[in-house]
1. Taking D110 as the residue in question, decide whether it is surrounded by 18 or more Cβ atoms within 10 Å (Cβ to Cβ) and either touching a strand residue (DSSP E or B) at 6+ places or on another chain (Cβ under 6 Å) or not β-branched (V, I, T) (or both).
2. Look through segment 1-34, keep the residues that are assigned to a helix (DSSP H, G or I), among the β-branched types (V, I, T) and over 19 Å from the mean Cα position of the chain (by Cα), and return whichever of them is surrounded by the fewest Cβ atoms within 10 Å (Cβ to Cβ).
3. Could you run through segment 160-194 and say how many residues are surrounded by fewer than 15 Cβ atoms within 10 Å (Cβ to Cβ) and on the phi < 0 side of the Ramachandran plot?
4. For segment 152-193, which positions are basic (K, R) and either under 22 Å from M109 (Cβ atoms) or in contact with a Phe, Trp or Tyr (Cβ under 7 Å, 6 or more places away or on another chain) (or both)?
5. Report yes if T104 is over 15 Å from L187 (Cβ atoms) and surrounded by 12 or more Cβ atoms within 10 Å (Cβ to Cβ), otherwise no.
6. Within segment 111-141, track down each residue that is under 18 Å from I75 (Cβ atoms), under 15 Å from the mean Cα position of the chain (by Cα) and charged (D, E, K, R).
7. If you take the residues of segment 35-61 that are among the aromatic types (F, W, Y) and over 13 Å from Q12 (Cα atoms), which of them is surrounded by the fewest Cβ atoms within 10 Å (Cβ to Cβ)?
8. Looking at this structure, is Q131 among the polar types (S, T, N, Q) and exposed (fewer than 14 other Cβ atoms within 10 Å of the Cβ)?
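The values are calculated or read from the model by the stated rules, or taken from the named source; none is laboratory data. Predicted, not measured: the structure shown is a model, and the values here were computed from it. Quick reminder, even Gly has a Cβ in these numbers, built from the backbone with ideal geometry, and neighbours come from all protein chains shown.
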Amino acid sequence: MRTEQRDATREQIVRAALFAISESGYDGVSTRTIAARAGVTQGLLTYHFKSKDVLWRAAADYLFATIDEALELAIAGLDNPNPKDVRRETVRQMVIFGSKHPETMRFMMDVGETESRGDWLVETHLRRIYQRFCADNTDLPKADIPHVFYILTGASMMIFSNSSKCRQLSGIDPLAPEEVQRHADILADLLVRD
């Protein structure tokens, strides 16, 4: 029981950190703000995470574990998939994930180019995802793969992380289920050719 409560408290803090950092940026949020958002004391936050950097890394780990789980479940649910089916479903799931977790893009964009957090993120999570993407897209010209990877990453999530601006600009609610579906289908059609 005690371990379950400790794990639940840790996850509560991590989720609060993920949202707070995605809204205010790493430098714009304090651990006190995160503790308050998580509904815990500063001392309890510090007990679980000795620094804001350690907490940021735990939030990134949580985010990527959540993405991995969603992709694995969706692909496991395909009947006799061929490589193009897997790529289409990957694109679709990235869109669906982005719609359910609009904080993802904002969290990622806050990392920065030269910070040690950015280097850690590449080595801990992004390189593995990129290598898998390269292995799954051998029919693309090698020089195109980095471009398609970043097109997928940005196009699958940007509309959701800026949903209020999209509503103001276009009049559509990108988070409405039919719009998420439309976005997933359009992006899959653009990126996975028959």
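1. Yes: the conditions hold for D110.
2. Among residues in segment 1-34 that are assigned to a helix (DSSP H, G or I), among the β-branched types (V, I, T) and over 19 Å from the mean Cα position of the chain (by Cα), the one surrounded by the fewest Cβ atoms within 10 Å (Cβ to Cβ) is T3.
3. Total meeting the criteria: 18.
4. Those that are basic (K, R) and either under 22 Å from M109 (Cβ atoms) or in contact with a Phe, Trp or Tyr (Cβ under 7 Å, 6 or more places away or on another chain) (or both): K165, R167.
5. Judged against the criteria, T104 is a match.
6. The answer is R128, and nothing else.
7. Applying the filter and picking the extreme gives Y47.
8. yes
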